There are 2 protein chains.
Amino acid sequence: MNTINEPLADGMTRHWRVDEVLVDTKTDFQHLVIARTAQGVSLFCDNDRQSTEFSQLTYHEALMVPALLLADQVERVLVIGSSEGVVCQMAVQHGASVVDHIDIDEQAVKLCAEHLPYGYTLDELAEAEKGTGPIRVQYIDGFEYIRTTSEKYDIVLVDLPDEREEEAQHNRLYGADFLRMCKALLRPGGVVVNQSGCQTMWRNTTLIRSWQRFNEVFDTVAYYGSDEHEWAYLFGRADVVEDPTALMVERLKTAGYQPESIDDLALVGNSIPPYRVRQSLA
Amino acid sequence: MNTINEPLADGMTRHWRVDEVLVDTKTDFQHLVIARTAQGVSLFCDNDRQSTEFSQLTYHEALMVPALLLADQVERVLVIGSSEGVVCQMAVQHGASVVDHIDIDEQAVKLCAEHLPYGYTLDELAEAEKGTGPIRVQYIDGFEYIRTTSEKYDIVLVDLPDEREEEAQHNRLYGADFLRMCKALLRPGGVVVNQSGCQTMWRNTTLIRSWQRFNEVFDTVAYYGSDEHEWAYLFGRADVVEDPTALMVERLKTAGYQPESIDDLALVGNSIPPYRVRQSLA
C-alpha cells in the first residue's frame, strides 16, 4: 500500500502517503489500518483518518476539554467508541473516578493499544479490561449499552467514525432518538458530547444535521470547532446555561486537566458556530 | 485529465475529480487550468485550487470584507494579483472610486474573464483595461508597481498563490520588506491585507511566518480565518487601533458592501488567531 485515499466530499479525496504499514486488517466491524505517514503513526478506519501521532492531541482536546469544562461535576464518564482511549485518560486526569469505555470493536481497541504511541498501553488496557481502576473497558454495542444501562453519568461522550450519507452500522448512533437516550443518562449538570463532522463548507452536511438534532434535544447547546484541525464537536446539557462559553473560560483556570492546544481565547473564538451552521436553524 | 492533484502538506495531497476541462495552458507565469469539478467551474494555478464557483464568495469575502471594515475610508484601492477581480467589484460596491488592479499575468486575467462565472465579464474587463471607470487593470509586475508608484491607497490588497517553501517568482511579494513597501503606500487609516495561508496545523507554516511579519511591520494586526474555507488572511494598519474586531462589527451594519457569508458573530469568532499562531510570537 503506497497511499490511502480518504473521501472528503463530492469529487474530492485526500491522499496520504504511507511510509510503513504496521497493521492492515479487516476486523468484524471495519477495515483498520495503522501506518506511518508524514504525521507519524496514524489510524485509518475504512480509509478515514481517525487520528495521527502529530495531531491527535489537538483533536482529542477539542472533543473532551469543552465537555470537562461545561459539566458541573466530572465524577462519572461514559465513552462510546474512541478506540485508543485518550479521552478516558484525560477524564481521569481531570478527576473522574469512573470512566466506562464501551467499544464494539475489541480487535481495534487491542491493536490501537499495541501500535499507537498515544492512548492505552497494552498494560493499561489489560487493567481497564479487568475494571479494577477508574477506567473500565467493555467490548459491547454502545447503542445497546446506552439503551439498557441503569448507570448515570456526568459526561456521555460519543466518538465514532463520521456519520455516513450511506448505510453504516454506526449511523444508529447519530439520530435524535439516540441523543435523547444519551441525555436520559445524565446526572444533573451533565453533558452529552459528540464528534459532529467538519465545518468546511464543502463537507459540512453531517455537522449541520448534528447541530439541528442537538438543538432539538437539548436546552443548552455549545459548539467547539477546532480551527487547527478542521473538525467540530457539539455539547448538550438538559438544562439552561445562560453563557456556556463564559462558564468554560472561567473553569479553565482551575481545571484538573490543563490542555496544551486550547486557551481562553481559543474557547471564545471556536465556540461560535460557522455562519451556515447557525443559519441552518432559521 | 481526470484529476488534479493538489499538494496540501508533507505526504498529503488533495485530488479533484475533473469533469470537464475548459482551459489547460501554460501562461508565461504559471500552469493554468479552468475545469468543471463537483464545485462548479474552478480555477487551478500550478495545481493549487485558487477558487471554485461553489466557494469563491466565501473566500473573497473573508479576504476583502474585514479590510473594507477596518479601513477608515475606502476611496482608493490597490489590488495585486487576484486574476478574476471579485474583490475589485466588492470595493466598488462598497463605494471605492478608484480600484487599481495590477496583475502580472495578462493571459490568466483574460482567461478568467472568459471562463469563470464570477469576477469580470469580458466586457467589464475590456472597460477596466481602458481604465475609464473606477476599476483600472494593468498587466505589470506588482512588486515593481508597489516599489515605484507615487499613488496612495486606503487598501492595498495582495492576493497571490500561496507562498512556496521552494523558489517561486511570487515569493518576492511575501517578505517583510515588501510589506513595508505596501505600508508606505497607505493613506491615513489605511489597511494592507493579504492571503496568508491555512490555519490547519499540518499546513500552517506560511500563516505563522506571515503573522510574524505583519506583527513586525504594523502597529495594528487583525486576523480573519475562514472557518468555512480553511483559509486565513491578515490585515495591517500603520497606526494603533485599540479593538479592531469591535470596529469591524460596528461598521458592518452600515457597510456599502453587505456580505453573504459573514455576520457580526463570524467577525468575532474568526478574528481570533489559532493558538499556535498566537504562540509563535512568544
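Observations on the model:
- DSSP H segments from chain A that extend 15 Å or more along their own axis, Cα-based, with Kyte-Doolittle mean of -1.0 or above: A:56-70, A:205-217
- Residue-averaged beta-carbon neighbours from other chains (10 angstrom radius) around B:193-200: 2
- Among B:MET12, B:TYR224, B:LEU122 - extreme Cα towards positive end, dipole of chain B, charges at beta-carbon: B:TYR224
- For chain B, lysine pairs separated by 8 or more sequence positions, or belonging to different chains, with Cα-Cα distances below 24 Å total 4.
- P(r) tail fraction, the range B:119-192 - alpha-carbon pairs more than 20 Å apart, %: 42
- A:ASP219-A:THR132 FRET efficiency (beta carbon distance; Förster radius 35 Å; 0.05 resolution): 0.40
- Considering only Cα atoms, the convex hull volume of the range B:12-97 works out to 119 Å³ per residue.
- Between the C-alpha center of the range A:99-114 and that of the range B:243-261 there is a gap of 49 Å.
- Inter-copy separations for B:ARG180, label at 7 Å along Cα-Cβ, nm, ascending: 6.6
- In chain A, helical runs assigned H by DSSP with n ≥ 4 each contribute -39500 (n - 2.57); averaged across all residues and rounded to the nearest 500, the mean residue ellipticity at 222 nm is -9500 deg cm²/dmol.
- Across identical copies of the chain, B:ASP123 has label-point separations of 7.8 nm, listed in ascending order, with the point defined 7 angstrom from Cα along Cα→Cβ.
- Per residue of B:97-105, other chain Cβ atoms within 10 Å of the residue Cβ number 0 on average.
- Counting Cβ atoms of other protein chains within 10 Å of each Cβ in A:266-278 and taking the mean gives 6.
- Shape of the range A:3-52, Cα gyration tensor, a/c cut at 1.5: oblate
- Relative to one another, the C-alpha centroids of the range A:5-43 and the range B:1-62 are positioned 24 Å apart.
- Ascending distances from the B:ALA168 label point to its copies in the other chains, with the point 7 Å along the Cα-to-beta-carbon line: 3.3 nm.
- If you plug the beta carbon distance of B:GLU260 and B:ARG147 into 1/(1 + (r/R0)^6) with R0 = 41 Å, you get a FRET efficiency near 0.70.
The numbers here are math on the coordinates, done by the rules we state, and not lab data. Predicted, not measured: the structure shown is a model, and the values here were computed from it. As a convention, Cβ positions derive from the backbone with ideal geometry for all residues, glycine included, and neighbour counts pool all protein chains shown.
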